[in-house]
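The values are calculated or read from the model by the stated rules, or taken from the named source; none is laboratory data. Computed from a predicted model, the values in this text were never measured in an experiment. Virtual Cβ from ideal backbone geometry, glycine too; neighbours counted across all protein chains shown. Note: areas computed on protein heavy atoms with side chains; ligands, DNA, RNA excluded. Shrake-Rupley method; radii C 1.70, N 1.55, O 1.52, S 1.80 Å.
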Amino acid sequence: MGSISDMPVMQEAIDILKGFDIEIEVDIVSAHRTPEKLFDFSKNAHNRGISVIIAGAGGAAHLPGMVASMSPLPVIGVPVKSSNSIDGWDSVLSILQMPGGVPVATVALNGAKNAGILAAQIIGSSDKCVLDKIIFYKEGLRDTVLKASENLNK
């Protein structure tokens with residue numbers, strides 16, 4: 001995340017990934033205040049065994065795109081509505097509008113939960129254990145809706 005103030009939003013991704021028993025690394029890497037750390041993290045994440053990067057940022061939200069520009073890994077951007085934000089739209093557009101050749105998968109404003117699920121699905125495409133947990137999770141979502149529907153119609 002770009003700032004510790006992003007933590008309440010990013011916690012949802014952390015919780016989802018921990019729920020799938022996926023090892024995670026959490027850090028603050030600011031595109032504007034710690035560019036050297038950003039370069040080192042982005043260029044070396046794949047060498048440390050990381051397979052997907054979730055980058056949350058508010059305001060100008062350059063972190064996801066900058067990470068994606070230097071890393072061969074898939075990057076999922078989480079636009080964060082921050083105190084210096086224009087209702088979150090600046091963050092959404094900064095992450096969403098990437099130039100050709102530098103993709104960033106983008107979830108909804110403050111959508112870290114979905115970023116965690118998407119990261120797990122990417123990992124699950126080559127890890128059967130994680131895939132099975134995702135299948136179970138999605139079955140739980142279905143069952144919750146079916147039960148609510150059943151209770152509504154009683």
Open item on the list: If I ask for residues that are assigned to a loop (DSSP other than H, G, I, E, B), open to solvent by 50 Å² or more (accessible area, probe 1.4 Å), in contact (Cβ under 8 Å) with a residue 60 or more places away in the chain and not hydroxyl-bearing (S, T, Y), which ones from the stretch 1-53 would you list?
Closed with: D21
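Is it fair to say N110 is closer than 18 Å to M1 by Cβ and open to solvent by 90 Å² or more (accessible area, probe 1.4 Å)? I'd like the intermediate steps shown before the answer.
On the way: closer than 18 Å to M1 by Cβ: yes; open to solvent by 90 Å² or more (accessible area, probe 1.4 Å): no.
In short, no.
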- [ ] Please go through the stretch 63-93 and pick out each residue that is in contact (Cβ under 8 Å) with a residue 40 or more places away in the chain, more than 22 Å from E25 (Cβ to Cβ) and either exposed (fewer than 15 other Cβ atoms within 10 Å of the Cβ) or within 14 Å of the chain's Cα centre (by Cα) (or both).
- [x] S83
- [ ] Mind listing whichever residues of the stretch 94-107 are crowded, with 22+ Cβ neighbours inside 10 Å and among the β-branched types (V, I, T)?
- [x] I95, V104, T106, V107
Task: Single condition A60 does not satisfy, out of (1) surrounded by 14 or more Cβ atoms within 10 Å (Cβ to Cβ); (2) over 30 Å from K133 (Cα atoms); (3) out of contact with any Ser or Thr (no Cβ under 8 Å at 6 or more places or on another chain) - done: (3)
Open item on the list: Can you report the number of residues in the stretch 2-18 which are more than 15 Å from the chain's Cα centre (by Cα) and of a type outside the set (A, V, I, L, M)?
Closed with: 1
Task: Hits in the stretch 39-64 - residues which are more than 16 Å from E23 (Cα to Cα) and hydroxyl-bearing (S, T, Y) - done: S42
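Which members of the stretch 114-154 meet the condition of being acidic (D, E) and within 30 Å of I50 (Cα to Cα)? Let's see the steps before the verdict.
Filtering the stretch 114-154 for residues acidic (D, E) gives 127, 132, 139, 143, 150.
Across the stretch 114-154, the qualifying residues are D127, D132, E139.
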